[in-house]
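Encoded as structure tokens, the structure appears first; notes follow it.
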Amino acid sequence: GAVVSQHPSWVICKSGTSVKIECRSLDFQATTMFWYRQFPKQSLMLMATSNEGSKATYEQGVEKDKFLINHASLTLSTLTVTSAHPEDSSFYICSARGSRTSDTDTQYFGPGTRLTVL
Amino acid sequence: AQSVTQLGSHVSVSEGALVLLRCNYSSSVPPYLFWYVQYPNQGLQLLLKYTSAATLVKGINGFEAEFKKSETSFHLTKPSAHMSDAAEYFCAVSFRGSASKIIFGSGTRLSIRP
């Protein structure tokens, strides 16, 4: 149980285009999902917290107009990188908070999406 | 302020040797503590977690960690390293009422020598 998927696993795009990354909880409902960014050989940086049916909460320094987050259902959250530039190239990882009362303190992570902007 | 510190960005052990990855936390409230493992180009997999029950927590793949409040530590151990244990390991902390936000340590890369 508690499986989270991401699609695509990798994407290459041209500078100026937009890219959408999907995060799905496959066997549980997730009212809260999280989006992280990870640079090579570094830890995860929380970008935003996504709550189903409401606006995402962005961390300080993260541009909400550039990184659009939508959490339209209990099993799907999307991150859209708008007008991508080479500096947006990174590994993006989502996670979903456990849904059972005994498990809401735990985050389950997706496999990540490697974004390369040319 | 809450934080987590992993001592040693890189640890190398021989196959069959004891694995010890160190993690210390700073918190003014009781923490939840986690160890995650990340293989290259993959997401994070939960190894084990402490949520105020037993202080010695057993996880997957033979790993375990002990919560020591007096030392504010949550070190990860495995009695006998296997080649497949080579990966990046992250210690993390969250707190009740924090909306499940997790604070990650900087990570420790574990290498296994044949």
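The values are calculated or read from the model by the stated rules, or taken from the named source; none is laboratory data. The structure displayed is predicted, hence computed values, not measured ones. Positions of Cβ are generated from backbone atoms using ideal geometry, with glycine treated the same way; all protein chains shown enter the neighbour counts.
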(message) For the range B:101-114, give me each residue that is of a type outside the set (A, V, I, L, M) and surrounded by 20 or more Cβ atoms within 10 Å (Cβ to Cβ).
(response) B:104, B:105, B:107, B:108
(request) Identify, from the list B:27, B:70, the residue that is surrounded by fewer than 14 Cβ atoms within 10 Å (Cβ to Cβ) and farther than 18 Å from residue A:44 by Cβ. (result) B:70
(message) Within the range B:105-114, does at least one residue satisfy the condition of being aliphatic (A, V, I, L, M), within 9 Å of chain A (Cβ to nearest Cβ) and in contact (Cβ under 8 Å) with a residue 24 or more places away in the chain?
(response) no
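Residue by residue, here is whether (1) within 11 Å of chain B (Cβ to nearest Cβ); (2) touching a strand residue (DSSP E or B) at 6+ places or on another chain (Cβ under 6 Å); (3) at positive phi; (4) surrounded by 14 or more Cβ atoms within 10 Å (Cβ to Cβ) holds:
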residue	(1), (2), (3), (4)
A:2	yes, yes, yes, yes
A:16	no, no, yes, no
A:46	yes, yes, no, yes
A:51	yes, yes, no, yes
A:66	no, no, no, yes
(request) Would you mind stating whether residue B:109 is over 15 Å from the mean Cα position of the chain (by Cα) and not hydrophobic (A, V, I, L, M, F, W, C)? (result) no
(message) Go through (1) modelled with pLDDT of 90 or more; (2) out of contact with any Pro (no Cβ under 7 Å at 6 or more places or on another chain); (3) of a type outside the set (Lys, Arg) for residue A:113 and report which single condition fails.
(response) (2)
(request) All but one of (1) over 28 Å from residue A:49 (Cβ atoms); (2) more than 14 Å from chain A (Cβ to nearest Cβ); (3) surrounded by fewer than 19 Cβ atoms within 10 Å (Cβ to Cβ) hold for residue B:85, so report the exception by its number. (result) (3)
(message) Please count how many residues of the range B:47-65 are touching a helix residue (DSSP H, G or I) at 6+ places or on another chain (Cβ under 9 Å), within 20 Å of residue B:82 (Cβ to Cβ) and buried (at least 18 other Cβ atoms within 10 Å of the Cβ).
(response) 3
(message) Residues to consider are A:106, A:32, A:113, A:80; find the one that is surrounded by 17 or more Cβ atoms within 10 Å (Cβ to Cβ) and farther than 26 Å from residue B:96 by Cα.
(response) A:113
